[in-house]
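Novice: My structure is below; once you've seen it, I'll send some questions.
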Amino acid sequence: MIRQTTRSSSGNMGNYGKVGIKSWAVEDRPREKMISRGLSALTDAELIAILISSGNSRESAVELSRRIMDSIHHNLNELGKLNCDELKKFRGIGQAKAITLIAAMELGRRRNQSEALDNGQIKGSRDAADYLRPEIGDLAYEEFWVLFLNRQNKVIDKRKLSQGGMTGTVIDVRMVLKLALEKHATSMIICHNHPSGNLDPSDADKKITKQMKEAAALMEIPVIDHLIVTQAGYFSFADEGLL
């Protein structure tokens, strides 16, 4: 809803959305609110408004940001799934603003990943799931990843091996073993996501787990877990006694 107000310097509501944040009423300035009350006082929409800076001819940046959040049911995980074209469907969001939002979401993912491990050591299935969730947890398609570990269970390297559609992906067992040998890994954790959010392993998941386990055992590089990761949780083959 457009509110009658004197915030616009011209008095013309048609031009209201084109003025910058500095010209807004004090109560609608998220930057000043952040300085005076701290980051925790800002809503998600207000944080987004700081990123996009301006709205459109009908909405302020805050109002536009609220509309974006309304469209995804105020779920930041869903915001992280939007691409440039999807963001640009909102009036007032062009290429530059869309890229800014996507970059901010990516920084959040990388921060989560950097905080997921203590010294890069995998102490259990939760550590591995937390480490990989920023990479694949909210993707709309399946990806298959592998973590290569040393004798201290520290991550030597991680590698995306394949990318599929909504329902599956294909991996090359020989390529996984080749990479493990090149990295001098002493163990591995394989992982993929389920875009549907369903954590139940499929028959194909069980089959590739068996293939990887048997092939890696010949090289004395054990597969110590296979994880299915979603944004909301994870399934561990090792924890469930399926490995």
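Novice: Pull up all non-local amide H partners of I156: gap of 5 or more, or a different chain, and H-to-H distance under 5 Å with H placed in the peptide plane.
Specialist: F148, L149, N150
Novice: Hey, another quick one. Counting only residues 5 or more places away or on other chains, whose amide H sits under 5 Å from the amide H of N193 once H atoms are built in the peptide plane?
Specialist: Hits under the 5 Å cutoff: E143, V229.
Novice: Within segment 140-223, report the GluC sites (Glu not before Pro) that DSSP leaves as loop and that have at most 13 other Cβ atoms within 10 Å.
Specialist: Counting only loop positions with at most 13 other Cβ atoms within 10 Å, the GluC sites (Glu not before Pro) in segment 140-223 are E220.
Novice: Determine ³J(HN,Hα), in whole Hz, for all residues of segment 233-239 in sequence, where each value follows from phi through the Karplus function 6.51 cos²θ - 1.76 cosθ + 1.60 and θ = phi - 60°; x replaces Gly and Pro.
Specialist: x, 7, 10, 10, 4, 5, 5
Novice: Something else: Sort out for me the Cα centre separation of segment 185-243 from segment 40-101, rounded to whole Å.
Specialist: 37
Novice: Give me the extension gain from K89 to R109: residue separation times 0.36 nm, minus the current Cα-Cα distance, reported in nm with one decimal.
Specialist: Contour length minus Cα-Cα distance gives 4.8 nm.
Novice: Quick check of the Kirkwood formula: for segment 124-243, what is the inverse mean of 1/r over all pairs of different Cα atoms, in Å?
Specialist: The Cα-based Kirkwood calculation yields 14.0 Å.
Novice: While we're looking at this one, here's another question. May I ask which of K81/K206; K89/K160; K160/K210 have a Cα-Cα span longer than 26 Å here?
Specialist: Pairs exceeding the cut-off: K81/K206; K89/K160.
Novice: Translational D (Stokes-Einstein, µm²/s) of segment 38-109 at 4 °C and 1.567 mPa s when Rh comes from the Kirkwood sum over C-alpha pairs?
Specialist: This corresponds to a translational diffusion coefficient of 107 µm²/s.
Novice: Still on this structure, please answer the following. For E182, what charge total do you get from the other residues with a beta carbon under 11 Å from its beta carbon, if Lys and Arg give +1 and Asp and Glu give -1?
Specialist: +2
Novice: So, one more: When the Karplus curve 6.51 cos²θ - 1.76 cosθ + 1.60 is applied with θ = phi - 60°, which whole-Hz ³J(HN,Hα) does each residue of segment 84-91 get, with x for Gly and Pro?
Specialist: Result, rounded to whole Hz: 4, 4, 5, 5, 6, 6, 7, 4.
Novice: Given the Cα-Cα distance of A232 and I156 and 0.36 nm per residue of separation, how much length would full extension add, in nm?
Specialist: Contour length minus Cα-Cα distance gives 24.7 nm.
Here, each number is a calculation from the coordinates, and none is a lab measurement. Predicted model only: the values in this text are computed from it and were never measured. Ideal geometry is used to build each Cβ from the backbone, glycine not excepted, and the neighbour counts take in all protein chains shown.
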